[in-house]
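Rule-based calculations on the coordinates, nothing more; no lab input. Bear in mind that the values here come from a model prediction, so they are computed numbers and not experimental data. Neighbour counts are summed over all protein chains in view; Cβ atoms, including those assigned to glycine, are modelled from backbone coordinates with ideal geometry.
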Amino acid sequence: MRYLRSIMVAAAVLAATCAYSQNPVIRDQFTADPTARVFNGKMYLFPSHDIPAPESFPRKDWFCMADYHVFSSSNLTDWTDHGVIVSQEKVDWVNPTSFSMWAPDCIERNGKYYFYFPANLKTGRGFGIGVAIADNPEGPYTPLPEPIAKARGIDPSVFIDRDGQAYLYYSMGRIFAAKLKDNMTELESDPVVIGDLPTKGLVEGPFFFERNGIYYMTYPHVEKETERLEYAMGDNPLGPFKVTGVIMDETPMGTWTNHHSLVEYNDQWYLFYHNSAYSPKFDKNRSVCIDSLFFNEDGTIRKVIPTNRGVGITGASDMIEIDRYSQISPSGVSVELIDTINTFSGWYATLSGQDSWISYNTVDFGKKKLRSVRVNAASAAGGVIQIRLDNPDGLLLAEIKIPATAALSTVDAKVSKYKKGIHNLFVVLKEGNPVNIDWIQFR
Ligand code: FUB
């Protein structure tokens with residue numbers, strides 16, 4: 001068993017050097033509360049950063065967050081970590097041992113980048129909201145020495161209307177809103193409660209935006225036992241708003257929080273959200289995911305069903321992590337973590353019924369013929385899988401015999417047929433013996 005695990009971990013470490021495009025999107029650290037922003041044609045991700053509690057932090061069952069990183073991507077597939085931009089020891093007003101750097105936001109105005117973050121005050125109780133300013137989205141950011149006066153709460157979301165007026169939204173049980181001065185660091189009006197939202201069940205984590213003249217107040221809300229993402233629509237940044245619908249249901253993973261942002265990039269809208277995929281036993285170690293989001297004609301939002309596959313195109317010669325599937329057959333497919341301790345090793349899929357299949361969409365086979373395929377797989381009794389295009393009975397690219405072995409290892413096979421362009425990949429089990437599959441790569 002230990003041998004099997006170390007082989008699986010080694011394979012996963014190898015995979016960690018390659019491009020990713022599945023959920024969760026950041027695969028080497030916990031990330032939560034994602035605010036995504038497009039700056040200079042690139043997607044920037046400003047999440048909070050969950051960490052396992054260090055010795056010095058007494059509340060082992062609570063959120064523990066000491067700093068913020070920023071990430072960027074041009075294709076939503078390859079993410080660059082630009083490192084720490086703000087940390088609890090380096091902000092004058094923040095209690096440096098509070099590990100309370102909760103959900104942030106960032107916005108650009110006149111060529112400056114304003115990063116808003118909540119944290120516990122050094123003096124007194126509760127949360128203040130600070131601002132750190134940079135000339136580039138990646139930083140370096142300089143935190144202001146004081147939090148924003150009169151704004152006490154968490155989860156800042158900042159919005160600049162078409163007329164140039166900026167607004168700060170934040171939560172403290174309910175959602176508050178205030179106008180911001182042009183300097184983006186002081187309130188121009190006293191905060192008011194947005195009164196049109198649910199009054200039962202915690203409402204927090206506002207994300208505010210405008211589209212086609214409609215103003216959207218979106219927020220996590222506890223309707224039953226855990227948070228789901230909801231939204232309200234209005235004609236004005238300060239309301240009134242009409243509670244309209246649910247963007248994403250509660251996750252079956254049981255993660256108590258969800259937190260999100262909606263953003264348009266290259267003519268497609270996306271929902272950034274989080275769950276505890278990499279931490280099934282502790283829901284305060286979360287991970288950011290992305291799925292596509294669509295509006296109806298009347299501006300209402302279609303519910304987003306979370307996927308493992310996420311978004312983005314995967315190159316056929318990348319390691320295609322088939323366990324991050326887009327579709328599976330009605331039975332005969334299961335997915336397990338490779339290593340339940342080192343969860344960042346990822347997952348593998350098991351096909352266990354004759355003709356069961358797993359599918360991974362939008363794989364780019366490019367223009368050049370790829371002649372062979374490598375599969376990282378295992379099969380206790382030895383098994384056979386087929387790789388097909390576009391449907392479970394589609395064009396047969398390769399049939400691969402997986403030798404009898406308990407540990408994942410690579411097997412190469414010839415690609416007999418080939419089709420250029422972007423296709424959905426199907427892996428189908430033949431002859432019934434179960435096969436574990438970690439990844440597939442065309443060469
Ligand atoms: O990440 C800490 C808190 O959990 C956030 O501020 C809330 O929105 C919830 O996600």
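Miscellaneous remarks
- A crude spin-label estimate for the pair I341 and L144, with each label 7 Å from Cα along the Cβ direction, gives 4.7 nm.
- Rh by Kirkwood over Cα pairs, then Stokes-Einstein D for the chain at 0.890 mPa s and 25 °C, µm²/s: 106
- Take the Cα of D393, go 7 Å toward its beta carbon, and the backbone nitrogen atoms of segment 406-428 under 19 Å from that spot belong to 424-428.
- Spin-label zone in segment 419-443 - amide nitrogen under 12 Å from a point set 7 Å from the Cα of D364 along the C-beta vector: 421-423
- Fully extended contour minus Cα-Cα distance, from N75 to W256, at 0.36 nm per residue: 62.2 nm
- A helix-only calculation puts the chain at -1000 deg cm²/dmol for mean residue ellipticity at 222 nm, using -39500 (n - 2.57) for each DSSP H run of at least four residues, averaged over all residues.
- Rounded FRET efficiency, nearest 0.05, which uses the C-beta distance separating K42 from R109 and R0 of 25 Å: 0.90
- Inter-label distance, K200 to D163: 3.7 nm, where each label sits 7 Å from its Cα along the C-beta direction.
- Placing a pseudo-label 7 Å from each Cα along the Cα-to-Cβ vector at D267 and V246 gives an inter-label distance of 3.3 nm.
- Cα Rg, Dmax (largest Cα-Cα span) when computed across segment 314-442, Å: 13.5, 41
- Entries in K122/K281; K150/K224; K367/K430; K112/K179 that, when Cα-Cα distance is taken, lie over 22 Å: K122/K281; K150/K224; K367/K430
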